[in-house]
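Data first, discussion second: the structure below is written as structure tokens.
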Amino acid sequence: MKKLAEWISIKKIAVAVGFAFFASMVPNWLLAFIARPSGDDYGYSAASHQTWLHTHSVIEVLRTGLETTKQMCQVWNGDWFSVFIFTLMPEVFVYRSFWIVPVFWTLAMIAATYYMVHEVFTNYFGLKWYEGGVVTLLILLMFYQWIPSSGIGMYWYVGVIHYMMPHVLAMLLIGFLLKYLRTDKFRYIIFSVFGMIAIGGSSYYSAFLVLFSYVLMFVIVKNKKRAGIFAFPILAGIVALYFQVTAPGNAARVGGEQMGFSVGKAAFTIVEALWQGAVNVVNYWRETPLLFVLLFFVAIVAWECLSEANLKFEFKYPVLWVGYMFGVYAAMYAPELYAATEVSGGPGTVEYLTFILTSVSSVIYVEGWILRKLELRHTLKRREIYHKYITVPAVFVCLVLCLVFRGNLKDSLFYSSCSYIASGQAADFKEQMESQERILRDDSIKEAYLCPTNPEQGPLMHMPVIKNPEAFTNRVVGSFYGKDMVTTTE
């Protein structure tokens with residue numbers, strides 16, 4: 001046992017978790033080369049694509065994108081920054097470049113998460129880079145393996161840009177905020193201003209996440225004049241959000257005066273959001289107990305790391321911190337509840353990711369409070385005892401619990417992706433898409449009759465062309481490829 005305990009170090013645990021995470025992502029990245037644009041992906045970028053084909057001018061494509069953004073903000077939705085990025089889908093410029101979307105944005109999520117965690121663990125707590133790395137990898141493993149919508153997370157361009165891009169920016173902005181407080185370098189405020197403008201024009205959810213983080217840091221920082229500089233990015237975000245909220249297209253989407261502000265409705269939304277947040281925590285526990293096994297493992301690893309940390313932060317109010325974190329998580333339910341309209345899988349995905357982030361934050365804060373309160377900062381001898389009798393056994397306990405809750409492994413994205421590939425369905429989907437694209441890319445064909453696709457999409461996201469040529473997907477696919485009519489043969 002002693003030799004095993006000496007061999008199993010935090011660094012080796014980080015390597016093992018890293019291997020597990022990146023191995024679990026391989027089938028998803030392989031599917032990236034099979035994934036194709038779908039529905040709204042074509043609709044928002046159709047005019048941009050036709051402009052590119054006729055001019056091959058990036059300037060003209062950007063001008064067309066701005067025109068599309070203006071039009072959509074008038075008739076459908078107000079998230080002006082997201083819409084503008086929608087118009088610049090990779091396939092506007094290069095055929096079969098859609099793989100960039102899932103690969104780039106998963107890598108961006110990895111980088112942004114590590115940047116934020118690294119700032120706390122390494123630059124504030126003085127821990128080694130791999131100690132923050134193992135926490136980052138566990139967060140990412142929990143998020144991607146039981147993501148509510150893999151389409152939103154990776155394979156649907158519009159979903160990725162509207163929900164994942166702002167969340168990536170939000171984590172970067174939290175990192176910038178912490179970096180500014182540590183270094184006093186004003187450039188991080190400038191970065192934050194631009195980031196908040198982008199988020200304010202994209203997502204209510206990520207805007208709430210960052211604004212709540214700014215408020216929290218303002219309360220914590222003792223030098224209020226120094227903290228007052230937060231006003232610049234906050235105001236930038238509020239102004240950007242104002243233009244999004246007041247865009248005429250919002251009324252068209254949810255129905256006129258429903259977008260108006262009501263104190264009673266706002267109060268109901270707050271109460272209902274708190275309730276929905278609590279209900280879904282219970283649902284996470286019931287449906288994905290393995291998620292909580294990994295949270296337990298985060299707690300075990302973080303305790304050993306924090307025991308040697310330079311904990312200058314006081315960790316005075318654990319109950320308030322945990323309550324505030326729950327409030328941040330519950331706030332993610334507010335936009336959909338207030339709008340009272342049908343939503344895609346995006347909100348559920350952002351809510352789930354925020355639950356993971358706030359849960360990890362709560363665990364680390366409470367552990368920091370215990371270490372400071374009881375003065376349990378470990379000597380080398382004490383850490384060896386903890387590592388031998390707590391960390392190492394916990395590794396094996398978690399492995400056993402993975403077997404106990406192996407049903408959750410079958411629910412994982414890794415399992416569904418591997419099954420989709422192994423069954424041959426992914427190859428069928430690829431062949432069907434190539435068959436359709438050969439017809440769609442033939443400029444001599446103006447009325448496209450496509451072979452229908454089978455409904456098996458696995459973790460991918462695809463809105464199929466159907467028999468009715470007036471269906472939404474048929475029309476936007478036709479617009480993108482310059483067809484007069486698109487339908488299926490059966």
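Along the positive direction of the dipole of the chain (beta-carbon charges: Lys, Arg +1; Asp, Glu -1; about the Cα centre), which of 264, 311, 76 reaches farthest? Selected residue: 311.
Hey, with R₀ at 56 Å, roughly what FRET efficiency would residue 489 and residue 229 work out to, going by the Cβ-Cβ distance, to 0.05?
On the way: r = 62 Å, r/R0 = 1.11.
Rounded to the nearest 0.05, the efficiency is 0.35.
Between the stretch 224-246 and the stretch 281-324, how far is it from one alpha carbon centroid to the other, in angstrom? The two parts, judged by their Cα centres, are 30 Å apart. Couplings 3J(HN,Hα) for the stretch 168-183, derived from phi with the Karplus relation 6.51 cos²θ - 1.76 cosθ + 1.60 (θ = phi - 60°), are 4, 4, 4, 5, 5, 5, 5, x, 4, 4, 5, 5, 5, 4, 8, 10 Hz, where x marks Gly and Pro.
With each label modelled as a point 7 angstrom along the Cα→C-beta vector, the residue 390-residue 97 pair spans 5.1 nm.
Straight Cα distances below 27 angstrom link residue 224 to the lysines 179, 185, 312, 316, 373, with same-chain residues fewer than 8 positions distant left out.
Extension gain residue 245-residue 316, at 0.36 nm per residue separation less the Cα-Cα distance, in nm? Mind showing how you got there, number by number?
Values: separation 71, 0.36 × 71 = 25.56 nm, distance 3.74 nm.
Answer, rounded to one decimal: 21.8 nm.
What is the ratio of the Cα radius of gyration of the stretch 426-490 to 2.2 N^0.38 Å, with N the residue count, to two decimals? Cα-based Rg divided by the globular estimate yields 1.05.
In the chain, the longest principal axis of the Cα atoms and the axis of helix 413-422 are about 50 degrees apart.
Taking 7 Å steps out from each Cα toward its Cβ at residue 66 and residue 374 produces label points 6.1 nm apart.
Under 22 Å between alpha carbons, and skipping anything fewer than 8 positions from residue 388 in its own chain: which lysines qualify? Here the lysines satisfying the reach criterion relative to residue 388 are 2, 3, 11, 12, 128. In this structure, the amide hydrogen of residue 450, modeled 1.01 Å from its nitrogen in the peptide plane, lies closer than 5 angstrom to those of 487, 488, 489, counting only residues at least 5 positions away or on a different chain. Each other residue within a Cβ distance under 12 Å of residue 408 adds +1 if Lys or Arg and -1 if Asp or Glu, for a net charge of +1. Packing around the peptides 122-130, 469-477, taken as the average count of other Cβ atoms within 10 Å per residue, puts them in this order, highest first: 469-477, 122-130.
Between residue 56 and residue 183, the simple spin-label model (points 7 angstrom out along Cα→Cβ) gives 4.2 nm.
Among residues other than residue 18 whose Cβ falls under 15 Å from its Cβ, what is the net charge (Lys/Arg +1, Asp/Glu -1)?
Numbers: positive: 11, 12, 128; negative: 131.
So the surrounding residues net to +2.
Taking the Cβ-Cβ separation of residue 397 and residue 26 as r and a Förster radius of 25 Å, what is the calculated FRET efficiency to the nearest 0.05? It comes out at approximately 0.35.
Couplings 3J(HN,Hα) of the stretch 332-338, computed from phi: 5, 7, 4, x, 5, 5, 5 Hz, in residue order, whole Hz [Karplus 6.51 cos²θ - 1.76 cosθ + 1.60, θ = phi - 60°; x for Gly and Pro].
When only C-alpha pairs under 8 Å and at least 6 residues apart count, what is the relative contact order of the chain, in percent?
Working: 687 pairs, mean separation 102.0, N = 490.
So the answer I get is 21 percent.
Contact order for the stretch 426-490, expressed relative to its length and based on alpha carbon pairs under 8 Å spaced 6+ residues apart, stands at 37 percent. Between the helical axis of 231-245 and the longest alpha-carbon principal axis of the chain there is an angle of about 30 degrees.
For the listed peptides 354-364, 34-44, a ranking on the average number of other beta carbons within 10 Å per residue, highest first, reads 34-44, 354-364. Each residue of the stretch 313-319 was assigned a 3J(HN,Hα) from its phi angle through the Karplus expression (A = 6.51, B = -1.76, C = 1.60, θ = phi - 60°), giving 5, 7, 6, 7, 10, x, 5 Hz with x at Gly and Pro.
FYI, it's all coordinate maths here, none of it is from the lab. Because the structure is a prediction, the values reported are computed rather than measured. Please note: Cβ atoms are built from the backbone with ideal geometry, for glycine as well, and neighbour counts cover all protein chains shown.
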